[in-house]
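Have a look at the structure below, then the notes.
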Amino acid sequence: MKYMPTIGLEIHAELKTKTKMFCHSKNDSEEKKPNVNVCPICMGHPGTLPVINKEAVKHVLKVGVAVGGELANFTEFDRKNYFYPDIPKGYQISQYKFPLVKGGTLHNIQLTRIHLEEDTGRSIHKGSESLVDFNRAGVPLMELVTEPVIANAQMAVAFAKELQLLLQYLNVSDANMEKGEMRVEANVSVSPKSKIKSQKLGTKVEVKNLNSFKSVERAIEYEIKRQTSLLEKGEKVAQETRGWDENKEITFSQRQKEESHDYRYFPDPDLPKLFISEIPEFKYDVLAKELSELPWKKRERLIHTFKIRPQDAETYIRIPVYGKFFDSVIQNIAGDKSLILLSSNYISSDIIGLSQEKESVGKIEPQHFASLMKMIKEKKVSSRGAKDILKEMFGKGGNPEKIAKEKNLLQTSDTETLSKIIEKVIEANPSVVSDYRAGKETALQYLVGQGMKESKGSANPEILKELLKKKISTS
């Protein structure tokens, strides 16, 4: 019997705000000293009153607009009751029945909801001791839940990457998984394949706190295999929460899966209800005007408008320094599509090669880079000469024409000068000349290469080739 996996994701992202969700304590993910960004409110002291962070609410609504979701008219915050050492109040302020955003689509995956809550503290285990750092407690946390429509681990990773991009483009979260600013939980179920459209889903297992895209992919793949193996043996899959062991690359049981009633949700009596439509800056059209170019719009523009390679487009989308540089170069090229393609080729190969994984364009100015591309197109410099000029520009900056003159890299088409170079090449390579006369075309390319070497890259290779052919045929 064949089995079909079904996956839904719950993704948490810490939002970029100056202060925490319900107090004035600093929201600083870079803080190394424990328990300094805390106050009586985020520590849950009796008699303290929380205040809603307006900036955090706006961040979530902007994400909702970007994914085409329905913004709530009425929303409220709830208390999610459970005891854990990193929850100082004994409950987490979250949203239950009335999330800020319902529906929407991202990367062709339907969304269920997007809501806002506060983050927990961070538990640190050292040998037999367990310590808690409350710097993160109360940090605004966006939770996005997808519909259970993801078919495999690769789709799940692609979705998570696209969400990370969106959060970074909107500047609402850095979403750095290594720092714990974005965490993924996967709900995985496996059921026998059926031809009936109303396919009954299998028992859902939640795999928590996956902190890298690699972990997301491997944990989902492992869980699909584990559940399939149980079903094939006639055993039942337990509804539970499981963790991911990075070293062993297996999931492990943590606890039975809680249902919503286990948390005893109820509206937080200390926080006001929000009527979003009554707040002018939260109106849909106002938020929509504030959105920057979204990742998928940029991808479409780069690939369909400029016809650049999809892998290069992805580089410009995912690495801002190259994306901004490419856009600045385009502005200096005045719509010449051949120059745009040439620029993309040099950025994606030569500049990235020079940066040596530092994600930098060095000291190259966009207008000077555009000038170099025009020089290549007009055959003022050879491709070899262009690479040398580009290296100089990367390290020291400067005007490419000036560099070309100083380093004698301007391409020459002067037949008198080239004829002297040809005579040297023919005289130094009699056997290669004989091979060419015998019909070996590769021999001619070798001779052209020697001519370019003799001219230190300044010869026009096309003219050099024609002059070589003429000289050999007449001598």
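So between E300 and D336, what do we pick up on full extension, going 0.36 nm a residue minus the alpha carbon distance?
Additional length available on full extension: 11.1 nm.
Just the number: Rg to Rh for the chain, Cα atoms, Kirkwood Rh, two decimals. A ratio of 1.14. In terms of its C-alpha gyration tensor, region 262-304 has an oblate overall shape, because the principal axis ratio a/c (a ≥ b ≥ c, square roots of the eigenvalues) is not below 1.5 and a/b does not outweigh b/c. Bridge orientation summary for the chain: considering DSSP beta bridges with both residues in this region, about 95 percent are antiparallel.
What is the gain in length, in nm to one decimal, between K453 and V36 on full extension, counting 0.36 nm per residue of separation less the C-alpha to C-alpha distance?
Numbers: separation 417, 0.36 × 417 = 150.12 nm, distance 6.40 nm.
That works out to 143.7 nm of additional length.
Applying Stokes-Einstein at 10 °C and 1.306 mPa s to the Kirkwood radius of region 47-91, computed over alpha-carbon pairs, gives a translational diffusion coefficient of 121 µm² s⁻¹. Neighbour counts of C-beta atoms inside 10 Å place M21, M4 in the sequence M4, M21, starting with the fewest. Specify whether the C-alpha gyration tensor of region 226-384 places it in the rounded, prolate or oblate class, a ≥ b ≥ c being the square roots of the eigenvalues: rounded for a/c under 1.5, otherwise prolate if a/b is larger than b/c and oblate if not. It is oblate, given that a/c is not under 1.5 and a/b is not larger than b/c.
D by Stokes-Einstein for region 59-158, Kirkwood Rh over Cα pairs, 25 °C, 0.890 mPa s: 160 µm²/s. Specify the inter-centroid distance of region 364-402 and region 159-194, based on alpha-carbon positions, in whole Å. The two parts, judged by their Cα centres, are 40 Å apart. When each of the peptides 221-231, 159-169 is scored by the mean number of other C-beta atoms lying within 10 Å of its residues, the order from highest to lowest reads 159-169, 221-231. Note on region 206-247 and region 32-86: Cα centroid distance 30 Å, given to the nearest whole angstrom.
So what is the 222 nm mean residue ellipticity for the chain from helices alone, if each DSSP H run of at least 4 adds -39500 (n - 2.57) and you divide by all residues, rounding to the nearest 500 deg cm²/dmol?
-11500 deg cm²/dmol
Every number here is computed from the coordinates shown, using simple stated rules; none is lab data. What you see is a predicted model, and the numbers here were worked out from it, not measured in a lab. Positions of Cβ are generated from backbone atoms using ideal geometry, with glycine treated the same way; all protein chains shown enter the neighbour counts.
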